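I have a structure I would like to understand better, so I am pasting it below and will then ask my questions one at a time.
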Amino acid sequence: MHVDTLWSNVHLMTLDGEGLGVLRDAVLAATDGRIVHVGPAGSDADLQPTTRIDGEGRWISPGLIDCHTHLVYAGNRANEFEQRLQGVSYAEIARAGGGIVSTVRATRTASPEQLARESRPRLLAMRAEGVTTIEIKSGYGLTLQDERKQLQVARALGEECRVNVVPTFLGAHAVPPGREAQEYTDEVCEVMIPAIAAEGLAEAVDIFCENIAFSPAQARQVFDAARAHGLAIKIHAEQLSNQHGAELAAGFGALSADHIEHLDDAGIAAMAAAGTVAVLLPGAFYFTRDTTLPPIAALRAAGVPLALATDSNPGTSPLTSPLLAMNMGATLFRLTVDECIAGFTREAARALGHGERIGRLAVGMDCDLAIWDIDAPADLVYRIGFNPLHARVVRGQPDLPASWSNT
């Protein structure tokens, strides 16, 4: 059988089935951007590759997937970080015009070109650590025009940087200054969601359901509108308090509930029944000095899938390193190595509703790969400030270093 590319002399983390699905001394082949063969060395005897690549004993995992980011925004809030270190409270900063309002203001005034210019380095940093797919939320525009601008820039950056972007509409991120929460919720549901859906700018709708943001009743209204317009559902839930948002979202068949530090047993049961993925965000937990851990043991016991993400955003998680997020997941949340790697591959794909085509190395899946100079999978989680990425492959097309053989 003819194949486009064959990688041999490699070890695979297939993520196919339980655990990492390790296959040592293996081969992998792709044609037309899809995986067509995965097997042990010698199983490729009948394959006729156009390009044969000797992996020289390296490890290959699915390309990393960051399933929760706010990557596209303008402005910088390092000054607020410095103020908080000096004892100024977040509330005081917000009253002085800082916080999310400052990011909204900067994002609204930025041209699409400026917004892309400021966001591009963040996406390139992710790509440099093996990210092949990334979810990017809007939510710093809070008008239809500016939310649309964020989503359009996100798609354009993905095409430019060869990273698959999964866009999410987060118009219900915060109540805009001078607006009432219910009035703005009505606008999100009656104006923004229909327009975003009609223009094909997002795959899912998200909402920040919290005592400082939107109520469960308003979340239900947003979910009804999303469902009516054929968009998937996600939620920021139980980060600061238990508003029962995850339970509500699971009742709508939500793809994921994210943060969930204050999740209760009823929420866990609802997520397990619906197959809703728990997206854990250790960067925000670390950066905000949170002390309430997500209920990891209870989520495990209930069989709720566990994904990890950077939550890259300017206010609470200015993190662009999935590898560091894995280490944080292990050290702060006590996740295992297998859970950390699966959280940025198989389970992240599930959290985006794309588990049928990315996140695993199996026949029929997109050939999105991360190729690592490591001795064992644990190196990806263990090392801090170390990037062992050797090459990325997106839909079968490698970013090849000059040292690779190509015959």
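Among the DSSP beta bridges whose two residues both lie in the chain, what percent are antiparallel, rounded to the nearest 5?
40 percent
Rounded to the nearest 10 Å², what accessible area does Phe169 show when all protein chains are kept and the probe is 1.4 Å?
Taking all protein chains as shown, Phe169 has close to 0 Å².
With a point put 7 Å past each Cα toward its Cβ, work out how far Asp224 is from Ala301 in nm, to one decimal.
It works out to 3.6 nm between the two label points.
Moving on to the next point. Is it possible to state the helix-based mean residue ellipticity at 222 nm for the chain, with each DSSP H run of 4+ residues giving -39500 (n - 2.57), the sum divided by total residues, to the nearest 500 deg cm²/dmol? What is it?
Mean residue ellipticity, 222 nm, calculated: -10000 deg cm²/dmol.
Using protein chains only and a probe of 1.4 angstrom, how many square angstrom of Arg395 are accessible, to the nearest 10?
110 Å²
Something else now. Sequence gap at least 6, Cα distance under 8 Å: using those rules, report the relative contact order of the range 259-407 to the nearest whole percent.
18 percent
Moving to a separate point now. Applying 1/(1 + (r/R0)^6) with R0 = 35 Å to the Cβ-Cβ distance of Ala181 and Thr336, what FRET efficiency is obtained, to the nearest 0.05?
0.30
I'd like the distance separating the alpha-carbon centroids of the range 368-393 and the range 299-357, in whole Å.
The range 368-393 and the range 299-357 have Cα centres spaced 16 Å from each other.
How do the peptides 44-50, 5-11 rank, highest first, by the average count of neighbouring beta carbon atoms within 10 Å per residue?
Peptide ranking by packing, descending: 5-11, 44-50.
Over the chain, give the accessible area per residue in Å² for a 1.4 Å probe, as an integer.
38 Å²
For the range 1-81, what proportion of DSSP beta bridges, expressed in % and rounded to the nearest 5, is antiparallel?
60 percent
Which order do the peptides 268-274, 107-113 take when ranked by the mean count of other beta-carbon atoms within 10 Å per residue, highest first?
268-274, 107-113
Work out from phi, with θ = phi - 60° and the Karplus expression 6.51 cos²θ - 1.76 cosθ + 1.60, the ³J(HN,Hα) of each residue of the range 324-341, listed in order in whole Hz, and give x for Gly and Pro.
Working through the residues one at a time gives 5, 4, 4, 4, 4, x, 6, 7, 8, 9, 6, 6, 7, 4, 4, 5, 5, 6 Hz.
Amide H to amide H, which residues 5 or more places from Gly21 or on other chains are under 5 Å from it, using H placed in the peptide plane?
Under 5 Å from the amide H of Gly21 lie the amide H atoms of Leu15, each far enough along the sequence or on another chain.
Also, I was wondering about something else. Simple spin-label model, 7 Å along Cα-to-Cβ: Thr291 to Asp379 in nm?
Going by the 7 Å Cα→Cβ label model, 3.9 nm.
Right, another one. How much accessible surface does His236 have with a 1.4 Å probe, in Å² rounded to 10?
10 Å²
Hey, what did the chain get for relative contact order, percent, Cα under 8 Å, at least 6 apart?
20 percent
Okay, moving on. For helix 144-161, what angle does its Cα long axis make with the longest principal axis of the chain, in degrees from 0 to 90 and rounded to 10?
On a 0 to 90 degree scale, this one is about 20.
Okay, next question. Going highest first, how would you order 214-223, 190-199 by mean Cβ packing within 10 Å?
Answer by packing, highest mean first, reads 214-223, 190-199.
Just to be sure I understand the model, the point goes 7 Å from the Cα along the line to the Cβ. What's the resulting Cys161 to Ala128 distance in nm?
1.1 nm
I need the shape label for the range 307-355. Rule: rounded when a/c is under 1.5, else prolate if a/b > b/c, else oblate, with a, b, c from the alpha carbon gyration tensor.
It is oblate, given that a/c is not under 1.5 and a/b is not larger than b/c.
Give me the percent relative contact order of the range 71-172, please, defined on Cα pairs under 8 angstrom at least 6 residues apart.
Relative contact order here is 31 percent.
Same structure again: Which distance in Å, rounded to a whole number, links the C-alpha centroids of the range 257-291 and the range 28-74?
31 Å
The values are calculated or read from the model by the stated rules, or taken from the named source; none is laboratory data. Model, not experiment: these values are computed from the prediction. For neighbour counting, all protein chains shown are included, and Cβ atoms are generated from backbone atoms with ideal geometry for every residue, glycine included. Side chains included, ligands, DNA and RNA excluded: accessible areas come from the protein's heavy atoms. Shrake-Rupley method; radii C 1.70, N 1.55, O 1.52, S 1.80 Å.
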